[in-house]
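A quick write-up on the structure given underneath.
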Amino acid sequence: SNGGQKAKEADKHFMLVGQPCRKAGHRLYTRSEHCIQCNPARIAFQTREVTLGYVYIAASIGKQLIKVGVSKDLDDREKKLNAQKLAQCNDWLILKWIKVDRAGKVERDTHQKLERFQSPQKIFKEKRWQDTLETFTCSFKTALTALEEASADSMIIEGKPINLDFFKKYCAFPDKEGSSFIRIGNRGG
């Protein structure tokens, strides 16, 4: 809408609107027109989109899976992925990362570009198994291309150079589309 566009141009993340939300008459919205009083999680989502952070590509050679994620602190990210037994495995290795402005947006855009390879998996977080949609059945080369396209108009502060031995090994993963699932809404929880 016009208001959302104006907020974006003014580099504002939230706006006061004339037309209140139908649910409770609130008037504070994100610039993508979601009521932040009915759904406060939208505040974190909106600010995450524009925060400086690391977008990384990790891979499990055992499961031939790729994960694209975002983190503010990469130091223990690899250890955490393995401790959380993402996709029931513990051989995750971060192959590539970039430190970028708008990290959440770059991550989301990369996920969209890889959507046809999406392969939902389980991760052990907050003392329980949860679903994650950040894993893909594609090669590192496919994921890297998606990340490069998604970050093309962002400011990259630094990046991890690619180890060519890893590159050869992980580029051999097949690109497998549609890992047999249909997403019905957002079950959240």
Heavy-atom accessible area of L86 with all protein chains present, probe 1.4 Å, nearest 10 Å²?
0 Å²
With a 1.4 Å probe and every protein chain left in place, tell me how much accessible area F173 has, in Å² to the nearest 10.
10 Å²
Under 5 Å between amide H atoms, partner at least 5 residues away or on a different chain: which partners does D175 have, H built in plane at 1.01 Å?
S139
Pop out the ³J(HN,Hα) list for the range 129-141 in order, Karplus 6.51 cos²θ - 1.76 cosθ + 1.60 with θ = phi - 60°, rounded to Hz; leave Gly and Pro as x.
6, 10, 7, 9, 10, 9, 10, 9, 9, 8, 7, 4, 4
In the P(r) worked out for the range 87-173, what percent of Cα pairs fall beyond 21 Å?
37 percent
What is the P(r) of the range 22-179, as percent of Cα-Cα pairs per 5 Å bin from 0?
2, 9, 17, 19, 20, 15, 9, 5, 3, 1, 0, 0
Under 17 Å from K72, Cα to Cα: aspartates and glutamates that are on another chain or at least 8 residues apart
E49, D101, E107, E134, E158
Give the accessible area for E148 in Å² (nearest 10); use a 1.4 Å probe, count only protein heavy atoms, and leave out ligands, DNA and RNA.
110 Å²
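The values are calculated or read from the model by the stated rules, or taken from the named source; none is laboratory data. As the structure is a computational prediction, the values presented were derived from the model and not from experiment. All accessible areas refer to the heavy atoms of the entire protein, side chains included, with ligands and DNA or RNA removed. Shrake-Rupley method; radii C 1.70, N 1.55, O 1.52, S 1.80 Å.
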